[in-house]
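What follows is a single structure, written as structure tokens, with notes after it.
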Amino acid sequence: FKMGNCGSPIETKYGWLVLTHGVGPFRRYCIGAAMLDLNDPTQVIGRLKDPILQPNENEREGYVPNVVYTCGAMLAANGDTVIVPYATSDSSSDFASFSVDDVAIGMGLIDKRNDALKA
């Protein structure tokens, strides 16, 4: 397995959101996420167990098959939606979006939407 970051961290109300790319079995490249402490970014406070974005059936064929990757993302003006431009299999590009709250739930930082941070 190999892993690296995808662009600059994004400041959120939960911490610094870092998108990561990784390759696992069968050379499947996916995008994951980790959260760093706002005041001490050397501390990882959360990580998703499963990829946030992975090649779907229509994104597996191309010059480099079975790959999704990005060079960064942006936080929308609402402060919750992350917009991710990404490329697939070196053959096309697309956009995905996800909620920072949903990522925080997936990382176990909050129990459900609009809950306070876990202590």
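The values are calculated or read from the model by the stated rules, or taken from the named source; none is laboratory data. As the structure is a computational prediction, the values presented were derived from the model and not from experiment. So basically every Cβ, Gly included, is an ideal-geometry build from the backbone, and we count neighbours across all protein chains shown.
One residue stands out in segment 1-42 among those that are polar (S, T, N, Q) and exposed (fewer than 12 other Cβ atoms within 10 Å of the Cβ): the one that is nearest to residue 77 (Cα to Cα), namely 39.
When segment 1-36 is filtered for residues that are assigned to a loop (DSSP other than H, G, I, E, B) and touching a helix residue (DSSP H, G or I) at 6+ places or on another chain (Cβ under 7 Å), the ones remaining, listed by number, are 12, 14.
Kindly establish whether residue 61 is modelled with pLDDT under 80 and in contact with a Ser or Thr (Cβ under 9 Å, 6 or more places away or on another chain). When the stated conditions are applied, residue 61 passes them.
So how many residues does segment 42-59 have that are part of a loop (DSSP other than H, G, I, E, B), out of contact with any Asp or Glu (no Cβ under 9 Å at 6 or more places or on another chain) and closer than 16 Å to residue 104 by Cα?
The qualifying residues number 5.
The single condition among (1) in contact with an Asp or Glu (Cβ under 6 Å, 6 or more places away or on another chain); (2) modelled with pLDDT under 90; (3) of a type outside the set (D, E, K, R); (4) farther than 14 Å from residue 94 by Cβ that residue 29 does not meet is (1).
If you go through segment 71-108 and keep only what is more than 16 Å from residue 13 (Cα to Cα), of a type in the set (S, T, N, Q) and assigned to a strand (DSSP E or B), you end up with 88, 92, 93, 97. Candidates are the residues of segment 83-92 that are closer than 13 Å to residue 53 by Cα and surrounded by fewer than 20 Cβ atoms within 10 Å (Cβ to Cβ); the one that is modelled with the lowest pLDDT is 87.
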